[in-house]
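Take a look at the structure set out below.
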Amino acid sequence: MERIKVAVDIDGILADFCYQFCNKVNEIYGIKKIYHNYDAPHWDLYKWYDELEKVHIDKVLEEIYKDNHFWETIPVLQINNSGIELLKYIIKFREDIHITFLSSRDGIDVLLQTCKWLSRVLGENTSNYNVVITNEKIDYIKNNKIKYFIDDKLQTALEASEHCIVFKPKYLYNQISKDDSYVLGRLREGNLEEFLLYVLDEVGMKFSDIYWFFEYYRNKK
Ligand SMILES: [Mg+2]
């Protein structure tokens, strides 16, 4: 059986990178401003703090690079909790779908930290997914015939639409403007849950397959 190949970005989709970054800034400079991925004002984090110069942000990035727990202790992006539950279901039960976590993060032991974090968040069932750390996400998607992909970075989402169906959650820093070019119909706006439901629908999901999922969330409310 040919498995459907799905790629999922980590920061801004599963993990609240912005929160962890702001925490680091607070640790170093004592500035208590916290952004989350959904309310950070700009993609360029050099523009987040009026009180800090480029050299200060560079210092933060350097400290992050040297920190061998930064990526391991990053908080889950709470607004995507239901999507993460659905991801756990796919990893545990759907042998027709293969997930690749595709990230461009950087730092000491970044792959090890990321794998530890994923197995903590998603459960120990690690045989159904792989983790790829690369700055060349588009090449990876092309060369590995990824069919569905979700990423919060606008430029990556636009370019990926040349090769697959791509979802982009709608945050302040990644709005599509009229000058952006992408393949019509291939770039969609939606969060992790909407993305995974779309993929499941494409592979012929029956509602009864994931009935428990909706029950679980109904009972939680
Ligand atoms: Mg991201």
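List of remarks:
- Test: residue in region 98-112 that is in a strand (DSSP E or B) and closer than 16 Å to L200 by Cβ: yes
- Top-ranked residue in region 114-164 [being in a helix (DSSP H, G or I) and charged (D, E, K, R); ranked as farthest from I91 (Cα to Cα)]: E159
- Residue count for region 4-43, restricted to those that are in a helix (DSSP H, G or I) and away from the ligand (no atom under 13 Å from the Cβ): 9
- Qualifying residue in region 173-189 (condition: in a helix (DSSP H, G or I) and either crowded, with 18+ Cβ neighbours inside 10 Å or in contact (Cβ under 8 Å) with a residue 40 or more places away in the chain (or both)): yes
- Cross-chain or 6+ apart pairs with Cβ under 8 Å, region 156-167 first and hydroxyl-bearing (S, T, Y), then assigned to a helix (DSSP H, G or I) and modelled with pLDDT of 95 or more: T156/K137; T156/I138
- Set side by side, the residues I99, I79, I57, I90 differ, and just one is buried (at least 18 other Cβ atoms within 10 Å of the Cβ) and either at pLDDT below 95 or of a type in the set (F, W, Y) (or both), which is I90.
- Hits in region 113-142 - residues which are over 17 Å from the mean Cα position of the chain (by Cα) and either modelled with pLDDT of 95 or more or of a type in the set (D, E, K, R) (or both): E124, D139, K142
- Flag for F70 being under 20 Å from K153 (Cα atoms), among the aromatic types (F, W, Y) and within 17 Å of the chain's Cα centre (by Cα): no
Yes or no, residue by residue, for (1) assigned by TED's automatic domain parsing to the domain that holds V203; (2) aliphatic (A, V, I, L, M); (3) surrounded by fewer than 16 Cβ atoms within 10 Å (Cβ to Cβ):
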{"position": "C115", "(1), (2), (3)": "yes, no, no"}
{"position": "L118", "(1), (2), (3)": "yes, yes, no"}
{"position": "E124", "(1), (2), (3)": "yes, no, yes"}
{"position": "N135", "(1), (2), (3)": "yes, no, yes"}
{"position": "D139", "(1), (2), (3)": "yes, no, yes"}
{"position": "N143", "(1), (2), (3)": "yes, no, yes"}
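- Of all the criteria given as (1) over 30 Å from K145 (Cα atoms); (2) in the same structural domain as I150 (by TED's automatic domain parsing); (3) among the basic types (K, R), the one not satisfied by K24 is (2).
- Taking the listed residues Y46, Y65, the one that is more than 16 Å from the ligand (Cβ to nearest atom), part of a helix (DSSP H, G or I), aromatic (F, W, Y) and in contact (Cβ under 8 Å) with a residue 12 or more places away in the chain is Y65, with no other qualifying.
Every residue, every condition in (1) in contact with a strand residue (DSSP E or B) (Cβ under 7 Å, 6 or more places away or on another chain); (2) among the acidic types (D, E), yes or no:
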site	(1), (2)
K147	yes, no
K153	no, no
A157	yes, no
I165	yes, no
L172	no, no
I176	no, no
D179	no, yes
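One line per residue, one yes/no per condition, for (1) modelled with pLDDT under 95; (2) among the hydrophobic types (A, V, I, L, M, F, W, C); (3) on the phi < 0 side of the Ramachandran plot; (4) touching a Gly at 6+ places or on another chain (Cβ under 6 Å):
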| residue | (1), (2), (3), (4) |
| --- | --- |
| T156 | no, no, yes, no |
| H163 | no, no, yes, no |
| P169 | no, no, yes, no |
| D180 | yes, no, yes, no |
| E189 | no, no, yes, no |
| L192 | no, yes, yes, yes |
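- Candidates in region 146-183 are the residues that are small (G, A, S) and within 14 Å of the ligand (Cβ to nearest atom); of these, the one that is farthest from K5 (Cα to Cα) is A157.
The values are calculated or read from the model by the stated rules, or taken from the named source; none is laboratory data. Quick caveat, the model's predicted, so the values are computed rather than measured. Backbone-built Cβ (ideal geometry, glycine too); neighbour counts: all protein chains shown.
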